[in-house]
1. For residue A:271 and residue A:74, FRET efficiency with R0 = 41 Å and r from the beta-carbon atoms, rounded to 0.05?
2. Within region B:39-107, report the GluC sites (Glu not before Pro) that DSSP leaves as loop and that have at most 15 other Cβ atoms within 10 Å.
3. Students often get this wrong, so check it: of A:528/A:560; A:153/B:112; A:186/B:138; B:93/B:152; A:186/A:226; A:283/B:112, which have C-alpha atoms separated by over 24 Å?
4. Would you work out the relative contact order for chain A, in percent, from Cα pairs under 8 angstrom that are 6 or more residues apart?
5. Quick one: 3J(HN,Hα) in Hz for region B:156-165, Karplus 6.51/-1.76/1.60 with θ = phi - 60°, rounded, Gly and Pro as x.
6. Can you list the residues of region A:151-185 with backbone N under 19 Å from a point 7 Å past the Cα of residue A:244, pointing along Cα to Cβ?
7. Would you mind calculating the relative contact order of region A:136-269 from Cα pairs under 8 angstrom and at least 6 residues apart, reporting the percent as a whole number?
8. Could you give me the percent of Cα pairs per 10 Å distance bin for region A:329-384, shortest bin first, beginning at zero and ending with the bin that holds the maximum distance?
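We did not get these values from a lab; they are worked out from the coordinates using the rules stated. Fair warning: this is a prediction, and the values are worked out from it, not measured in the lab. With ideal geometry, Cβ positions are generated from the backbone for all residues, glycine too; neighbour counts draw on all protein chains shown.
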Amino acid sequence: MAITALKRFTSGSTPVVLLIALLLASLYLLSGSTQNSVLFDRFYSLLLGINILAILLLFVLIGKNIYSLFRQYRSRATGSRLTTRLVIMFIILSVTPVSVVYYFSLQFLQRGIDSWFDIRVEKALGDAIELSQASLGIRMQELLRETQLMAEKLQASPDELVALALNDQRSLTGAAEMTIFTTAGKIIASSSKDMEKLIPQQLADTTYMSINQGQPDIALAPLSEKALAIRIAVELQAQSPLAEKRILQALFEVPERINILADSVQTAFGDYNELAYLRIPLKYSFILTLSLVLLLSILTAIWAAFYYSHRMMAPITDLVEGTRAVADGDYDKRLPLPGRDELGFLVHSFNEMTDKIARATNTARINRLEAEQQNAYLEVVLAHLNSGVLTFDEQLCLHTTNATAEQILNLKLQAYHGKTIQQMANLNPRLQQISDMIDQHLTNNDHEWREEITLFGETGRQIIMLRGTTLPHTVTLQGGHVVVFDDITNLLQAQRNAAWGEVARRLAHEIKNPLTPIQLSAERLRHKYLQQMDAEDAELLDRSTHTIVQQVETLKQMVKAFSDYARMPKLQLEPLDLNRLIAETRDLYSHDEEQVIIQLSLEENLPLIEADTGRMRQLLHNLIKNALEVVAKKAPLQISLSTRFVEQHGSQYAEVRVIDNGPGIPEDMLGQLFEPYVTSKPKGTGLGLAIVKKIVEEHGGIIHAESLPNSGASIILHLPVLNNPTVRTEQTEPETGTKSDAVA
Amino acid sequence: MHSFANQINNLSTRHHRIGGLILAVLLFPGLAQAAGFTVRSVETRMQDEVYLVDTNLQLDFSEEAQKALQSGIPIIILLDIEVEKLRSWWWNKTVATLQQGYLLLYHALTEKYIVNNLNSGAQSDYTSLGATLSAIEKVIGLPLIDSGLLDKEERYRLKLRVHLDIESLPAPMRPLAYVSSDWQLASDWYTWPLQR
């Protein structure tokens with residue numbers, strides 16, 4: 001608490017006022033001391049002490065200030081350099097004139113005090129003293145003679161009467177006091193003009209010596225402060241040799257007029273001597289006082305320099321720190337107003353500026369937040385769209401995509417952001433087709449366009465519907481293009497499947513009904529007329545009816561196949577070991593080993609799949625049959641069946657690959673291979689692969705075909721596996737090995 | 001003296017110079033005797049139920065002080081006496097203080113030293129400074145305190161010192177007097193048990 005009080009005291013303007021007061025007191029003291037005033041004579045030491053204390057206090061304050069400024073300077077604190085410059089300037093401005101005045105004052109002081117003293121005055125005063133002594137000396141000689149005469153008279157008086165005689169003699173001569181002493185100093189008799197004075201003047205120390213030497217003692221003695229007296233002591237001769245010696249001392253007053261003059265001379269001489277003695281101390285004292293005043297002035301000036309530098313610098317320092325804060329992005333900084341001057345105006349302007357900036361940034365922040373919210377909203381909308389969305393800016397660089405787009409294109413589109421369409425196509429050849437088309441429309445500046453495109457990739461044929469729109473060029477939108485696309489493969493497939501299903505149902509219904517009467521009629525014809533006809537006709541009839549029956553049978557099978565395709569029974573899903581099923585199916589074909597070689601390349605750790613066993617068996621039969629039918633003419637027939645566990649794009653599935661050494665698939669058929677009645681084979685219903693595809697899709701899988709480079713074809717199907725993490729971790733990736741086996 | 005100093009200065013080596021200085025001190029013992037005030041003895045006695053003090057002081061003026069006195073500067077010598085009650089567990093308590101002042105003045109016209117007892121106003125004059133100081137040095141029968149004012153159960157002691165009063169010097173001399181040993185003329189406190 002005391003420290004804070006002291007801090008408040010030293011930081012306020014109180015010390016300045018106090019020190020100025022001390023300075024003035026010190027100045028007053030100087031003038032008072034010069035005039036030798038009684039008042040300051042008494043307080044001289046006290047004032048001196050106070051001033052020295054003030055100087056020490058100032059030294060401490062200044063030392064503290066210098067130290068803190070030095071530390072600030074070293075740490076390169078804000079404003080320390082300017083403060084240092086200001087302080088140095090103030091100090092130079094204040095110290096220089098004061099020092100000059102001090103120097104000349106010292107010179108003046110030395111000469112001034114020396115000029116008080118004049119050797120002639122000193123001599124004259126000395127002479128005046130001598131003259132006074134000489135003039136009193138004459139009087140003293142006269143009085144000595146008188147006293148000696150009295151002594152002769154008193155010698156004769158006996159002791160009993162000596163007091164009376166003494167009084168008579170004193171009255172006669174006009175002496176102020178007469179006393180008779182023994183040589184031991186004992187008073188025998190005394191007479192005084194002043195009745196009130198009880199104790200007579202004692203014998204002086206010199207008197208005894210003079211009397212002992214037989215000389216009278218004559219002396220001027222100061223009776224009181226102003227009054228002089230002539231003191232004469234003579235020996236009283238003893239009447240008898242045995243009687244002891246006596247001393248008569250007489251005091252004579254000096255006449256009033258002479259007394260005044262003598263006192264005047266004495267005072268003047270005394271004062272002059274005193275002053276002469278005090279010449280050096282006076283000089284020292286004046287120099288001391290002057291130095292004190294100088295020191296106080298300089299130190300106060302230095303302190304004031306610090307004080308006002310700090311006060312002047314405070315708003316500037318504030319401004320500097322405020323500017324830094326603004327530069328660092330803190331716009332809430334408000335500076336205290338230092339006053340109503342130009343600095344105050346500056347600080348006020350600064351506050352206004354930061355206020356405006358703060359408001360502006362706040363608005364910008366709110367706008368940005370709104371924009372972000374809108375963006376987020378848009379992203380959410382885009383993410384939940386079932387269509388893929390790509391937007392391009394004016395430079396035709398990819399700007400926005402959504403998750404569906406990635407899903408349809410089976411690509412991570414993050415890497416393509418900011419790339420132009422052509423760059424995207426260069427990075428991934430699969431995008432070439434799309435890129436070319438979009439590029440074409442964009443460069444043509446088509447405002448609205450829609451187009452269907454067929455892609456061929458790992459997952460087979462993909463039909464994509466693209467719609468493009470040019471975005472308007474407004475304040476908030478920079479223009480650009482948006483492309484929305486959908487994978488309509490499944491849609492088309494479903495439509496086609498539905499159509500085929502309808503055809504199959506109708507066929508089954510419309511064709512199956514007349515087939516039985518046709519067959520029955522043909523058999524009846526044969527049965528009735530065959531025996532009646534001649535051999536030639538009979539043979540014709542037999543062949544014709546046989547053909548009819550046979551073809552009807554074939555038609556029935558076909559209708560049955562259609563019927564099967566149109567309404568397959570409901571799936572009965574259960575965990576299934578695909579490898580085992582494949583091995584079982586292979587065994588069914590092992591009897592005609594000579595024409596068919598079925599190679600198996602099965603992955604040991606293939607996880608179970610969830611499937612309908614009957615359907616899967618049908619699927620495998622269809623695939624093998626298809627391969628058999630394709631390569632019917634050639635021998636030997638080689639079929640390779642392989643399974644593999646594949647983990648791709650975060651999904652796991654079992655891959656089944658059927659490779660034959662047939663003629664391969666013609667390029668134009670590759671797209672519609674799995675549609676009903678698309679076949680290049682010499683025999684078969686044309687529904688085998690369509691049924692395979694239907695079964696695969698019922699199980700959530702996909703199927704596609706590849707034509708091998710040399711000869712043969714490969715049909716690949718992917719079936720989702722059961723979620724069984726233990727199997728997944730154990731599995732290895734023997735991809736290359738199995739594949740090479742299969743091809744060989 | 002001056003020629004002697006010159007002789008010393010003429011000695012070339014430092015050792016000789018120091019030796020010379022020692023010789024000078026031996027030859028002039030008066031120079032070695034430092035100026036100062038001392039309380040030589042104090043005695044108390046009781047007379048008519050009043051304690052009286054007899055003391056013997058030694059007052060040696062410095063040359064500077066003598067010179068100042070002869071130049072007409074008045075000098076005051078103060079004799080401070082205190083009576084203290086002795087306390088075991090606390091500071092002693094001062095029960096009485098007494099100050100005796102003597103004003104010394106040189107009267108140029110009569111060439112005499114005047115001593116003015118500031119307490120009684122009695123004035124006496126002397127032809128030499130020695131006689132003047134001798135007159136002050138012997139203080140006999142100075143009444144101190146009435147015995148009735150002292151508790152008979154307690155123990156008391158006397159403290160006494162003599163000093164030159166710097167504050168009474170002319171103002172210009174004081175700053176120098178406060179720092180110069182020439183003017184620091186003061187005895188130590190002399191303590192003496194108060195005799196019953």
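1. Values: r = 61 Å, r/R0 = 1.48.
E between residue A:74 and residue A:271, to the nearest 0.05, is 0.10.
2. On the way: sites: B:43, B:49, B:63, B:64, B:82, B:84; in loops: B:49.
Passing both the DSSP loop test and the Cβ count: B:49.
3. Numbers: A:528/A:560 30 Å; A:153/B:112 32 Å; A:186/B:138 20 Å; B:93/B:152 15 Å; A:186/A:226 29 Å; A:283/B:112 29 Å.
Listed pairs above 24 Å: A:528/A:560; A:153/B:112; A:186/A:226; A:283/B:112.
4. Values: 895 pairs, mean separation 56.2, N = 744.
Taking the mean separation of contacting Cα pairs over the length of chain A, I get 8 percent.
5. Karplus values, whole Hz, x for Gly and Pro: 10, 9, 10, 10, 9, 8, 10, 8, 7, 7.
6. Of the residues in region A:151-185, A:155-163, A:179-185 have backbone N under 19 Å from the label point off residue A:244.
7. Working: 195 pairs, mean separation 32.9, N = 134.
Relative contact order of region A:136-269: 25 percent.
8. P(r) for region A:329-384, in whole percents per bin: 23, 28, 20, 14, 9, 5, 1.
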